[in-house]
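Notes to accompany the following structure.
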Amino acid sequence: MNFMKLRWFFLLSITFFAFTVACSKDNKDEEDVYEYYENEEGSVDVLLTFDTFKTKAKALKIDGFTLVSVTANEDGSKEYEARYVNKDGKYLFVKIGELATSEPVWLDPENTYLLDDRKSEYANTTLIHGLTIHLPQIEAEMAVHSTIDLGKTSFESIARKSGFLTVAPVTVAWPIGIPENHKFKGWLLQVDLGSYDEMPGFTKQMFAVMMLNDELADSYKDAYNSYYDNSTNHIVFPNGTYLVVPDENLYNSDNLYDSYGRYDRIEFMYYIP
């Protein structure tokens, strides 16, 4: 058994042990086990806020199950977790975690497939049952796992109902005063605007990091076809701003997908007069 498989079964064993302890409490403690609580111990490195996760977890209705907790990075788990329980004390978890932290970790090619165009793995072991799903738009993995086998179709239905398969990444606003035709549509993840005096005619420099989707690709195409300057290999806006074409393969192409894949991060560099 290779290292990754050992790691996987180790994680499953720990999880199962925690389930067993929680489920084996005396009936007198049942009220405490099921009392709802929230806890945010630290940040999770995904493009999703804890508040958004909590809102969706509370809105998710799963037949036979009641939400009992929503936590973030509890005990260093590097994930958001919503825990649901049924009348028999069986647990169901919905988790959003950093890449490669949610188990299982893509170990069984026979059970790996695409769910709504997202890489997914179905696990059905003696310890745990459910799905792990790659969510590239928030640079995360999602898990829908349970201590009871609900069936693959039911786990898929829960994943879809949760809204996380299509959730947008957390974004930031463009700086005040930036002309509208400088702002590409889509998901702006980071932007930095500062003074610049290293080249005559320019006073500011701006770096904008965006995630590639169709909205950004279409917006970039419009700007390229309107303002691209062949002599400089820059997009030159009417006010004199120079935008560096992000990849030399795009000097003669208006299609960002010629150089980047869907959900790749792209940095745009502007020189502003």
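Output the residues belonging to segment 140-167 that are buried (at least 17 other Cβ atoms within 10 Å of the Cβ) and assigned to a loop (DSSP other than H, G, I, E, B). If the condition is that a residue be buried (at least 17 other Cβ atoms within 10 Å of the Cβ) and assigned to a loop (DSSP other than H, G, I, E, B), then T147, L150, F164, L165, V167 are the ones that fit. Evaluating N249 against the criteria (1) over 27 Å from M142 (Cα atoms); (2) touching a residue at least 24 places away in the same chain (Cβ under 8 Å); (3) in a helix (DSSP H, G or I) leaves one unmet condition, (2). Could you look through segment 171-188, keep only residues that are on the phi < 0 side of the Ramachandran plot, in a loop (DSSP other than H, G, I, E, B) and touching a strand residue (DSSP E or B) at 6+ places or on another chain (Cβ under 8 Å), and pick out the one that is surrounded by the fewest Cβ atoms within 10 Å (Cβ to Cβ)? Here the answer is A173. Within segment 54-88, the set of residues being of a type in the set (S, T, Y) and surrounded by fewer than 16 Cβ atoms within 10 Å (Cβ to Cβ) comprises T55, T66. Based on what the data block shows, is Y91 within 19 Å of the chain's Cα centre (by Cα), at pLDDT 90 or above, over 18 Å from K152 (Cβ atoms) and crowded, with 17+ Cβ neighbours inside 10 Å? Considered against the rule, which asks whether it is within 19 Å of the chain's Cα centre (by Cα), at pLDDT 90 or above, over 18 Å from K152 (Cβ atoms) and crowded, with 17+ Cβ neighbours inside 10 Å, Y91 comes out as no.
Here is the figure for segment 222-243: residues that are over 12 Å from H182 (Cβ atoms) and surrounded by 15 or more Cβ atoms within 10 Å (Cβ to Cβ) total 3. Picking from residues in segment 242-273 that are of a type in the set (S, T, Y) and more than 26 Å from F202 (Cα to Cα), the one that is nearest to the chain's Cα centre (by Cα) is Y263.
Here's the yes/no breakdown for (1) modelled with pLDDT of 95 or more; (2) more than 20 Å from I158 (Cβ to Cβ); (3) not basic (K, R):
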{"position": "T20", "(1), (2), (3)": "no, yes, yes"}
{"position": "K25", "(1), (2), (3)": "no, yes, no"}
{"position": "K28", "(1), (2), (3)": "no, yes, no"}
{"position": "E31", "(1), (2), (3)": "no, yes, yes"}
{"position": "E41", "(1), (2), (3)": "no, yes, yes"}
{"position": "T52", "(1), (2), (3)": "yes, no, yes"}
{"position": "A59", "(1), (2), (3)": "yes, no, yes"}
{"position": "D63", "(1), (2), (3)": "yes, no, yes"}
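Scan segment 143-152 and give yes if some residue there is in contact with a strand residue (DSSP E or B) (Cβ under 6 Å, 6 or more places away or on another chain) and among the basic types (K, R), otherwise no. Checked against the condition, which is being in contact with a strand residue (DSSP E or B) (Cβ under 6 Å, 6 or more places away or on another chain) and among the basic types (K, R), segment 143-152 yields at least one hit.
Would segment 189-200 turn up any residue that is over 15 Å from the mean Cα position of the chain (by Cα), assigned to a loop (DSSP other than H, G, I, E, B) and touching a residue at least 60 places away in the same chain (Cβ under 8 Å)? Yes - at least one qualifying residue is present in segment 189-200.
The values are calculated or read from the model by the stated rules, or taken from the named source; none is laboratory data. These numbers come from a predicted model, not from an experiment. No Cβ is skipped: glycine too gets one built from the backbone with ideal geometry, and neighbour counts run over all protein chains shown.
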